[in-house]
Amino acid sequence: MTDTTVAANITLSTSERWLARFGIRPEEKSVTALLFCNMYLSGTAIGMIRVCALTLFLKYYGSEQLALIAILLAMIGMPVTILIYKFTFWFSTRAHIFTILSIVMGGLVLFRGLLGITESTILIFTLPLFFELAYMLFSLQFIFLLTRLLNVRQAKRLSGIARSGEFVAEMVGGFLIVILLNFLEVEDLLVVAMLTTGLVFVVVNHTTSRFKSTLLMTNEEMV
C-alpha cells in the first residue's frame, strides 16, 4: 500500500472517496481540516491588517517608500524569529504557538488603541511593517504546527491543501472587507483581525488537544 492509497478491504463513504481524489486519507481528515481552518483564519486576519496598513500608509506616503518597509523587515524579522525561538525553546507546542499569536494580538490591540488617539505619521509608517511581521508570525506558527503533525510524505500531499485556506481567505475576505467598510472605519479592520486571531487561538487549542500525543517532544528534539 502506498502513501496515497487505502487498504482494499476498507469501505469508504462518498465524502471519503471524494477527499481521496485530493490525496486525503480517512485518518487525515481531521488534521487537514484543522490546518486548513488555521490558515483560513490566519489569512483573513492578514487580509484585514494588510488593507488597513496600506490604506492609511498611502494617505501620507508614496508607494516608493514601501521599499523602506522591506529593508526594515529584513533587519527586524530575523532577530524577532531568533528571540521567539530562544524564549520558547522549552515550551510545549501549544505554548510556543500561543506565544507567537499573543505577539500578533498584542500588536493589534496596541495599534488600534494608538490609532484611536493619534494620527501620528510615524505610527502610520510602522503599520505596513507590523503587517509584514504579522504575516511572518502567522506563517511561522502554521509551519511549526504542520511540521509537527505531518510526516514528510503527508506534508508533500497535504500541505498544499492546508495552505489553500489562505487563498480562500483572500477571496472571501476581499468581499467581506468591501461590505465592512460600508459600516466601519478602516482602522476598525484591526478589530476584525483581533476577532479572527482569537479564533486561530481556538483552532490551535483544539488541534493541540486533539493531537496531544503526536505533538509531544522527544528527548532528542529537546537537545
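Numbers for the structure displayed
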quantity	calculated
Between 0 and 90°, nearest 10: helix 29-60 axis offset from the chain longest Cα axis	10
Proximal lysines to Lys29, defined as alpha-carbon separation beneath 20 angstrom and excluding residues fewer than eight positions away on the same chain	Lys156, Lys212
Net lengthening on full extension, Leu176/Val202 (0.36 nm per residue, minus Cα-Cα)	7.2 nm
Within the chain, helix-based [θ] at 222 nm, where runs of 4 or more DSSP H residues each add -39,500 (n - 2.57), nearest 500	-26500 deg cm²/dmol
Using alpha-carbon coordinates, inclination of helix 66-87 to the longest axis of the chain, degrees	50
Net length gained if the chain between Ala74 and Phe87 were fully extended (0.36 nm per residue, minus Cα distance)	2.6 nm
Candidates Leu184, Leu56, Leu101: whichever shows maximal mean-square fluctuation once the chain is modelled as a Gaussian network with Cα springs under 10 Å	Leu184
Order of Phe36, Phe87 under a 10 Å beta carbon neighbour criterion, fewest first	Phe87, Phe36
Hz values of 3J(HN,Hα) by residue in region 146-152 - Karplus curve (6.51, -1.76, 1.60), Gly and Pro given as x	4, 6, 7, 8, 10, 7, 4
In degrees, nearest ten, helix 189-210 long axis to first principal axis of the chain (Cα)	20
Förster radius 22 Å - calculated FRET efficiency between Phe167 and Met194 (Cβ-Cβ, nearest 0.05)	0.45
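Computed from the coordinates by the stated procedures, all read-outs in this text should not be read as laboratory data. Please read these numbers as outputs of a predicted model, since none were measured by experiment. Quick reminder, even Gly has a Cβ in these numbers, built from the backbone with ideal geometry, and neighbours come from all protein chains shown.
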